[in-house]
Amino acid sequence: MYHTAALGVVYDKDTHEQHFFLGHDDDITALDMHPDKIKMVTGQIGKDPKILVWSSKPDSSGALQQLCQIQGDHKRAIVGLSFSATGQYIATMGKDNFRSIALYKWGTGGKKLQDMRVGMDKGHNDEVFQAREALQPCLTYPERPGPTSPLFTRLIPPLHCPPFSTPVPIP
């Protein structure tokens, strides 16, 4: 799986076929694979960028189906995103002035943004080159407010993982 411009591309090396995910309307800037190795999450550039979860397994017509859309928290672009180890959660980082991060418990069935958002916080205004690694502490220990990794504090000082009103254990 890879992306080019606004297309998500799945290449089947056994059949030498390509399938295309067409859900984005601007260039894809970030991509991650779900632990099940079937679902994908991609983020794009744009004034109000989309985060889309989709299946890399084509349906009977050969199309790659969108499973979830998250939109409205970030501005300019999604510079990094990552599934949690279980795949229930997605951490994202935007390209707004503060490199805001957000944590979502995504789902199918047209869930609203406010129902998926677990928390959101400001980052900083420096460039970030390893967003996925910087987001991992929020995914690994979301029930603990605050970063747990020296890499996290070095890349995004003095950022804290999104605040939670109730603990959110990740199995």
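The values are calculated or read from the model by the stated rules, or taken from the named source; none is laboratory data. Note that this is a predicted model, so its numbers are computed, not measured. Positions of Cβ are generated from backbone atoms using ideal geometry, with glycine treated the same way; all protein chains shown enter the neighbour counts. SASA here: full protein model, heavy atoms, side chains in, ligands and nucleic acids out. Shrake-Rupley method; radii C 1.70, N 1.55, O 1.52, S 1.80 Å.
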Next on the checklist: Can you pull out the trypsin sites (Lys or Arg not before Pro) in region 86-120 whose DSSP state is coil and whose Cβ has at most 16 other Cβ atoms within 10 Å?
Outcome noted: K111, K112
Checklist entry - When every alpha-carbon pair in region 1-123 is counted, what percent end up more than 17 Å apart? => result 53 percent
Item to check | Spin-label zone in region 3-36 - amide nitrogen under 20 Å from a point set 7 Å from the Cα of S61 along the C-beta vector | outcome: 7-10, 18-25
Checklist entry - At a 1.4 Å probe, what is the % contribution of carbon and sulfur to the accessible area of region 1-130? => result 49 percent
Checklist outcome for this item: Of 12-24, 53-65, ordering from highest average Cβ density within 10 Å down gives 53-65, 12-24
Item to check | Anchor K37: lysines whose Cα lies under 29 Å away (excluding residues fewer than 8 positions away in-chain) | outcome: K13, K50, K57, K75, K95, K105, K111, K112
